[in-house]
Amino acid sequence: MLRTRTTLAATLVVAALLAPTAAHAEPAETGIPVLTDEHGRALTLRGWNVEDKAGRGDAALSAITEKHFRDLRAKGFDFARLLVFWDDLEPRPGRYSQTYLRKIERILDWAEKYDVKVLIDAHQDVFGPAFGHRGMPAWATRTDGLPFTPHPDDWFSEYFEPAVQRAFTHLYEDEDLRRAQARMWRVLADRFEGHPAVLGYDLINEPMGELREGEDLPTAARRIERDQLTPMYNRLADAVRSADRDAWVFVEPTPIVGEGVPTGLGRIDDPKTVYAPHFYNTGMEAGADYDPAAGWIESYEQAVTLYPKEYKVPVVVGEWGPLNNSLPNMNRFYRAAMASLGRYTSGWAGYVWCYGGGYCAVDGAGAFRTNKELTAEPYAEAVAGTVRSAAYDSGGGVYRLSYDAAGRRGPRVTELSLPPGDWRITARGAALVLRKDRGRASILATPGARVTVTVARG
């Protein structure tokens, strides 16, 4: 049970105190700006990818249910990255599936019901159905007759098949495909602009490209990001903005950043851009244990923070989490990863919220699988002011938040999210703890006050 103090008068004024302000918060000590909501509060997103890769046509998205969002919120998560597929949205050129759009809207309505923010992700794996996967429609796939050999035991290696690489080149370079991709995004943004659950749009999942003769992979990745992804993202951001002025646009580098390689992306000329890399290690993806001595997390963090520092954009990691969670060093991995992600990101979406084995976060009964419970921590969903520090001591079970409350014309209420369990909340510095409901709490602070919040296991 939450041990909090509340007053009727304070509760009644909460809504009035959330007056809208500017949409940007000051950069944290890292030099990386924070993600903000419409009130100007600094956001922290903690959640999971939600997907149905198997369902197509009439069965599309049928594996995603209201239970996903109810369970996410019950475990303390406030964020979902929803996978959608261009091949389902536009099965024939210019013919957009209204049934598919209604299914997406139904999912967004569930998210709104449980107060879960959603990132709509235009997902692709190995380009699309032309290669046995999901993503770009077959009619938008051009290979110039180059060969493709499936690798069922190592699907990621299919990205390096000549036909797949050429298909990416045509997507980036052919004017008619550029227009088709932009129209697809205008359709999505026009339909879901203003939906309360929509936080933003992830313009393409894990983009890849074509290697040139003599190039090594890091060199090719930086060229593709600089010369093809950057102009593509600017085109697609413009397409989104023609319909939706408020949502954030999320841009991804190639997956090569997972090896600690700095991105070659350039500036995206949109004021609400989020850098959204993925956080995967090649060895762990193949089933290996985490090796603390290798320094992978440290090298990844050092490399991945260069872009947001240079271009002053927030960071949200769109996917992360190893395949095998029960190996001897995985407990240490999750603790180190959570600490690292907390230092420089505005949040993350683990892969994936499903009920079973493999990458699934929970088992069939809804209980966390081994070590996945370490992803559920207390955190501040929205801070009405400038965050000075925020950290969770997993060993002691204590979360500490320090912030300078916004001024008189800014928002006043800070929102906390708590995982299941008994938590004691205290606030110092002209602040009052308000109880909202189980798993949620609010802090009401005097304008300009320096506030310290402590959340400890009861």
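For the peptides 41-48, 334-341, the ranking by mean Cβ contacts within 10 Å, running from highest to lowest, is 41-48, 334-341. Taking 0.36 nm per residue of separation and subtracting the current Cα-Cα distance, fully stretching the chain between E193 and T169 would add 5.6 nm. Projecting the alpha carbon convex hull of region 38-100 along each direction and taking the average yields 6.1 nm². Which shape class, rounded, prolate or oblate, goes with region 207-300 when its Cα gyration tensor gives a ≥ b ≥ c as root eigenvalues, a/c under 1.5 marks rounded, and past that a/b bigger than b/c marks prolate? Oblate shape, in that a/c is at least 1.5 and b/c is the bigger or equal ratio. With 24 Å as the limit on Cα-Cα distance, the pairs of K75/K117; K312/K372; K67/K103; K67/K117 that go past it are K312/K372. With each label modelled as a point 7 angstrom along the Cα→C-beta vector, the L306-D393 pair spans 3.6 nm.
Tell me, how many Å apart are the Cα centres for region 186-241 and for region 310-360? Using only Cα atoms to place each centre, the spacing works out to 22 Å.
Here the 3J(HN,Hα) profile of region 381-390, calculated from phi with Karplus coefficients 6.51, -1.76 and 1.60 at θ = phi - 60°, is 4, 8, 10, 8, x, 9, 6, 8, 7, 7 Hz, Gly and Pro shown as x.
The phi-based Karplus calculation (6.51 cos²θ - 1.76 cosθ + 1.60; θ = phi - 60°) puts the 3J(HN,Hα) values of region 250-259 at 9, 10, 10, x, 5, x, 5, 4, x, 8 Hz, whole numbers, x for Gly and Pro. Element breakdown for the chain at a 1.4 angstrom probe: carbon and sulfur atoms account for 50% of the accessible area. Using R0 = 45 Å, the C-beta based FRET efficiency linking R457 and R409 works out to 0.75. Here r is the Cβ-Cβ distance between R183 and E285 and R0 is 51 Å; the resulting FRET efficiency, rounded to 0.05, is 0.90.
Each 10 Å bin, from zero up to the one with the longest distance, holds this percent of the alpha carbon pairs of region 116-260: 11, 40, 34, 13, 1. Compute the angle between helix 98-113 and the longest alpha-carbon principal axis of the chain, please, reported from 0 to 90 degrees and rounded to the nearest 10. In the chain, helix 98-113 runs at an angle near 20 degrees to the longest axis.
Measuring r between the beta carbons of E38 and D115 and using R0 = 25 Å, the FRET efficiency lands at 0.95.
Across region 69-225, the relative contact order, built from alpha-carbon pairs under 8 Å that are at least six residues apart, equals 24 percent. Using the alpha-carbon positions of the chain, Rg (one decimal) and Dmax (whole number) come out as 21.8, 71 Å. Take every Cα pair under 8 Å whose residues are at least 6 apart in sequence, average their separation, divide by the length of the chain, and the relative contact order is 19 percent.
Taking amide hydrogens as placed 1.01 Å from N in the peptide plane, the amide H of V398 sits under 5 Å from those of D393, each at least 5 positions away in sequence or on another chain.
Charge tally around L83: other residues with Cβ under 11 Å, Lys/Arg +1 each, Asp/Glu -1 each, net -4.
Modelled spin-label separation between D422 and D363, with each label point placed 7 Å from Cα along the Cα-to-Cβ direction: 2.6 nm.
Full extension of the chain segment joining D246 with N329 gains 25.7 nm, where the gain is 0.36 nm per residue of separation less the Cα-Cα distance.
Separation of region 55-91 from region 111-133 is 8 Å, based on Cα centroids.
Projecting the Cα atoms of G395, N234, Q302 onto the charge dipole of the chain, computed from C-beta unit charges around the Cα centre, puts G395 farthest toward the positive end.
Backbone phi angles across region 211-224, fed through the Karplus curve with coefficients 6.51, -1.76 and 1.60 (θ = phi - 60°), yield HN-Hα couplings of 6, 9, 4, x, 7, 7, 5, x, 5, 4, 4, 5, 5, 4 Hz in residue order; Gly and Pro are listed as x.
Against the chain, whose longest principal axis comes from its Cα atoms, helix 175-192 is set at around 30 degrees. Helix 230-241 axis versus longest C-alpha principal axis of the chain: approximately 60°, rounded to the nearest ten. Note on the chain: helix-only mean residue ellipticity at 222 nm, from DSSP H runs of 4+ residues weighted -39500 (n - 2.57) and normalised by residue number, equals -7500 deg cm²/dmol.
Modelled spin labels at R70 and D144, positioned 7 Å past Cα toward Cβ, are 5.3 nm from each other. Between rounded, prolate and oblate, where does region 180-338 land on the alpha carbon gyration tensor, with a ≥ b ≥ c its root eigenvalues, rounded for a/c under 1.5, else prolate if a/b exceeds b/c? Prolate is the answer for region 180-338, as a/c is 1.5 or above and a/b outweighs b/c.
The values are calculated or read from the model by the stated rules, or taken from the named source; none is laboratory data. Quick caveat: nothing in here was measured; it's all calculated off a predicted structure. Cβ coordinates were reconstructed from backbone atoms using ideal geometry, including for glycine residues, and neighbour counts include every protein chain displayed. The area values use the complete protein model at the heavy-atom level, side chains included, leaving out ligands, DNA and RNA. Shrake-Rupley method; radii C 1.70, N 1.55, O 1.52, S 1.80 Å.
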